[in-house]
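These notes concern the structure reproduced below.
The values are calculated or read from the model by the stated rules, or taken from the named source; none is laboratory data. This is a predicted model, so every value here is computed, not measured. Here the Cβ positions follow ideal geometry from the backbone for every residue, glycine too, while neighbour counts run over all protein chains shown. Quick note on the areas: whole protein, heavy atoms, side chains included, nothing else; ligands and nucleic acids left out. Shrake-Rupley method; radii C 1.70, N 1.55, O 1.52, S 1.80 Å.
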2 protein chains.
Amino acid sequence: MYNFEISKKDSSTSARTGVITTAHGKVKTPAFMPVATLGTVKSITPEELEELGFSMIISNAYHLYLRPGHKEIKSLGGLHKFMNWKNSIATDSGGYQVLSLSKKRKIKEDGIVFQSHLDGSEHFLTPKLSIEIQEHVGSDIMMCLDECPPYSDDYKSIDKSLELTTRWAKLCKESRTRDDNALFGIVQGGVFTDLRKKSAEQLMEIDFDGYSIGGLGIGEDPEKTHDLIDHTAALLPQDKTRYAMGIGNPIDIVRAAAGGVDLFDCVIPTRNARNGTLFTNTGKLVIKNAQFTNDSDPIDKDCGCYTCKNYSRAYVRHLYICKEILAIRLLTMHNLNFFGNLMKSIRSSLEDGNFFKLIKKYESMEVN
Amino acid sequence: MYNFEISKKDSSTSARTGVITTAHGKVKTPAFMPVATLGTVKSITPEELEELGFSMIISNAYHLYLRPGHKEIKSLGGLHKFMNWKNSIATDSGGYQVLSLSKKRKIKEDGIVFQSHLDGSEHFLTPKLSIEIQEHVGSDIMMCLDECPPYSDDYKSIDKSLELTTRWAKLCKESRTRDDNALFGIVQGGVFTDLRKKSAEQLMEIDFDGYSIGGLGIGEDPEKTHDLIDHTAALLPQDKTRYAMGIGNPIDIVRAAAGGVDLFDCVIPTRNARNGTLFTNTGKLVIKNAQFTNDSDPIDKDCGCYTCKNYSRAYVRHLYICKEILAIRLLTMHNLNFFGNLMKSIRSSLEDGNFFKLIKKYESMEVN
């Protein structure tokens, strides 16, 4: 089962609130999905994720196929049971990861031949296999296998690539054997607005449960990203879920929500935490800096997360400098809490009609 | 304040239950102290430690002196506040760590000149400085600075060394400026029973709040360790706390408790967890082994820890193989729970008069 209901549309922007219903519960949108590449949001338990306000995470077909294997996960009762996560799970198709992680890969009409980044073993990822992986793990929202070319590719290459993505999307839809989840098409087309339109139209012709905006945030100018998300979101059906893949920084999320995007995922909160970079209401904070050595304040005075309620900057800096695992936990909790609060404030400001103020607030914040 | 009351003495062994009272609460003995070298039990929060049944941890003067510095900790309100641990904290004096970690060190009459293992900077650890460090961090049970020579040293060297440890112990006692905590003398004497006796008698002459048995579990034959703990514990005053430093494996703890030891600490549960070696009621389990790839059972069917209640061997193996941080958390929780339960069962079997059965049980278990 999959359902998406719009609750409220903003009067001054294209933003909307809504509710996604999957076989594993409801997800209020706009929503951010923490990244659980290998079946774990790094350092955090599922109970902690729930407490932080998240009701959907995103995992990855490429990674789970290689480790531990989608058949193994199926035999163990599916990914929800495997990782002890009772709420919704989306999965990326693996297309982007094959192209970014595998040293040797060849794109063919039928799929992608690639060498594992782990052991060099050869594999062939087809649209059918991608769906098989995602169905085996029990994904609630699957992605079609797509080709995600470098943003700097020329018009002709991008055009050719999106046509392949469309043909794969059709094969993905035809490969489905389950009807208890959703399948999203991924709009490609690089930085070319007419190709974005062509891709969106071709995918809408096939008809999907929702549409992802792919191939952005991969090196192109951030203003361009913003414009292309707006442009692409406007092309998509009003009543279907829209997902901006890999976006992004707080202001990127706020702007994309204004453009009518419902779903987000990004490694930024979790990866930045592991690198010691923290989001606060007064800007970014690099915890290793010597200025925090004797700082008894919490990371963010206005933050109510477990870390800020119980620990000083001096302590988390000490843990970080000493490479203590608890540092990663505490910093990840804090950043995820920031993103959880960001999404709550986007939703509540939309409900209250104050979304425009929120945009202004994040535009002036130095966390982007 | 420091108080130790014996609750019950075993009829067939020298074991006893008791209660330590510090300024930070009560500790039921025999007790195990998880190791928080740098002001954190690796990967675990203070709340989790409490839930696992621990009411005292042990930190380290050498490490805290180097990072973040005892003066910094004092200025931040002491170690309890710094690390958000409301219960008792013991500290080792740093003598053992200086001698085991520092590449260049020279033992003098007044103390130990050493180079930091972190940056090569030169320091001079005296009995007075060791007490200053431990008082600054706010330790509830401090240790005297001791020299811990290699177990293989000859009789004459060990004799000379224990005499120095005695002189340092006297200086440590004289250096105290606080009376809200305890100071333990550390009995040395290597593998020589008469030197153990001499060391114990010299320290008892000075009179301490409790006595530690040091210089064991550092390479000597485990049977020898056991005999020497029994021998040394029997020399110490009945009404004072006895602490076997760095001991150890479950059976070592059970045996030492039978010899009348009240306190234990060891890196075994936490370090083994990080190495993927788990304690179970049916023996040790090496989680990386391929046999667990598809194993849907918990690590230990008879274990009620968070990890065993929620995750399969297959999942924790997957996390471990992928070097995921959550693996360390889950495995550390499990092993600490095993040690927490071990101590609870030692205490309850002593209260119920079944301690002899418990010894038999652990002697036959393959977890040692």
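Comparing each chain alone with all protein chains together (probe 1.4 Å, DNA, RNA and ligands left out), the residues of segment A:293-342 losing at least 40 Å² of accessible area are A:294, A:306, A:310, A:311, A:315, A:318, A:322, A:324, A:325, A:326, A:329. Evaluated at q = 0.15, 0.19 Å⁻¹, a Debye calculation over the C-alpha positions of segment A:295-344 (equal weights, vacuum) places log10 I(q)/I(0) at -0.36, -0.56.
Across the cross-link table entries A:160/A:240; A:108/A:224; A:301/A:361; A:26/A:361; B:81/B:170, which are compared at the Cα atoms, the separations over 20 Å belong to A:160/A:240; A:108/A:224; A:26/A:361; B:81/B:170.
A Stokes-Einstein calculation at 25 °C with viscosity 0.890 mPa s, built on the Kirkwood radius of the protein assembly as shown over Cα pairs, returns a diffusion coefficient of 87 µm²/s. Among A:200, A:61, A:327, the largest mean-square fluctuation in a Gaussian network model of chain A, built with springs joining Cα atoms closer than 10 Å, belongs to A:327.
Is segment B:112-159 best put as rounded, prolate or oblate by its Cα gyration tensor, with a ≥ b ≥ c the root eigenvalues, rounded for a/c under 1.5, and otherwise prolate when a/b is larger than b/c, oblate when not? Oblate.
Of the solvent-accessible surface of segment A:255-311, computed with a 1.4 Å probe over protein heavy atoms with every protein chain present, carbon and sulfur atoms account for 40 percent.
Using only the Cα atoms of chain B, each taken as one equal point scatterer with no solvent, compute I(q) by the Debye sum, divide by I(0), and report log10 of the ratio at q = 0.08 Å⁻¹. Debye output, listed in q order: -0.39.
Annotation for residue B:117, label-to-label distances across the other copies: 3.4 nm (shortest first, one decimal, point 7 Å from Cα along Cα→Cβ). Quick check: at a probe of 1.4 Å, how many percent of the accessible area of segment A:1-159 sits on carbon and sulfur atoms? Answer for segment A:1-159: carbon and sulfur cover 49 percent of the accessible area. Projecting the Cα atoms of A:225, A:260, A:318 onto the dipole axis of chain A, where Lys and Arg carry +1 and Asp and Glu carry -1 at the beta carbon, places A:318 farthest toward the positive end. Between residue A:14 and residue A:107, full extension at 0.36 nm per residue minus the direct alpha carbon distance yields a gain of 29.8 nm. Protein-only accessible surface at a 1.4 angstrom probe places the residues B:288, B:81 in the order B:81, B:288, largest first. Sorted from shortest to longest, the distances between the residue B:154 label points of this copy and the other copies are 8.5 nm, with each point 7 Å from Cα along the line through the beta carbon. Restricting the calculation to Cα atoms, segment B:48-161 yields a radius of gyration followed by a Dmax of 15.3, 47 Å. Residue of chain B with the smallest Cβ distance to the axis mapping B onto A, distance rounded to whole Å: B:325, 3.
Along the charge dipole of the protein assembly as shown, pointing to its positive end and built from +1/-1 on Cβ of Lys, Arg, Asp and Glu, which listed residue (A:54, A:158, B:27) has its Cα farthest out? Farthest towards the positive pole: A:158. These residues, A:163, A:147, go from largest to smallest accessible area, 1.4 Å probe, as A:163, A:147.
Across A:360, A:173, A:160, the residue with the most accessible area heads the list, and the full order at a 1.4 Å probe is A:160, A:360, A:173.
Taking every DSSP beta bridge that has both ends in segment A:186-298, the antiparallel portion is near 35%. Surface composition of segment A:314-353: carbon and sulfur atoms hold 50% of the protein heavy-atom accessible area at a 1.4 Å probe. Average accessible surface for segment B:74-233: 42 Å² per residue, computed with a 1.4 Å probe over protein heavy atoms with every protein chain in place. Using equal-weight Cα scatterers in the Debye expression, the normalised intensity of segment A:260-368 in log10 at q = 0.10, 0.15, 0.17, 0.24 Å⁻¹ is -0.30, -0.64, -0.79, -1.35.
Note that segment A:245-334 presents 33 Å² accessible area per residue, ligands and nucleic acids not counted, probe 1.4 Å. Sequentially through segment B:44-55, phi angles give Karplus couplings (6.51, -1.76, 1.60; θ = phi - 60°) of 10, 8, x, 4, 5, 4, 4, 4, 7, x, 9, 10 Hz, Gly and Pro residues having no value and appearing as x.
For residue A:152, the accessible area of its heavy atoms, probed at 1.4 Å with every protein chain present, is near 90 square angstrom. Expressed as a whole percent, the proportion of Cα-Cα pairs in segment A:171-290 lying more than 23 Å apart is 38%. Shown for segment B:74-103: residues covered by the partner protein chains by 40 Å² or more of accessible area relative to the chain by itself (probe radius 1.4 Å), namely B:76, B:82, B:84. Using only side-chain charges placed at the Cβ, +1 for Lys and Arg and -1 for Asp and Glu, the dipole size of segment B:311-368 relative to its Cα centre rounds to 140 debye. Take residue A:310, move 7 Å from Cα toward the beta carbon, and the resulting point lies 1.4 nm from the same point in each other copy, nearest first. For segment B:33-66, a reduction of at least 40 Å² in accessible area between the chain on its own and the assembled protein chains (probe 1.4 Å) is found at B:38, B:40, B:43, B:45. Quick note on segment A:255-302: its Rg to Rh ratio, both from C-alpha atoms and Rh being the Kirkwood radius, is 1.11. Total buried accessible area between A and B, probe 1.4 Å, nearest 100: 3100 Å².
Taking amide H atoms as placed 1.01 Å from N in the peptide plane, the amide H of residue A:112 lies under 5 Å from those of A:125, A:126, each 5 or more residues away in sequence or on another chain.
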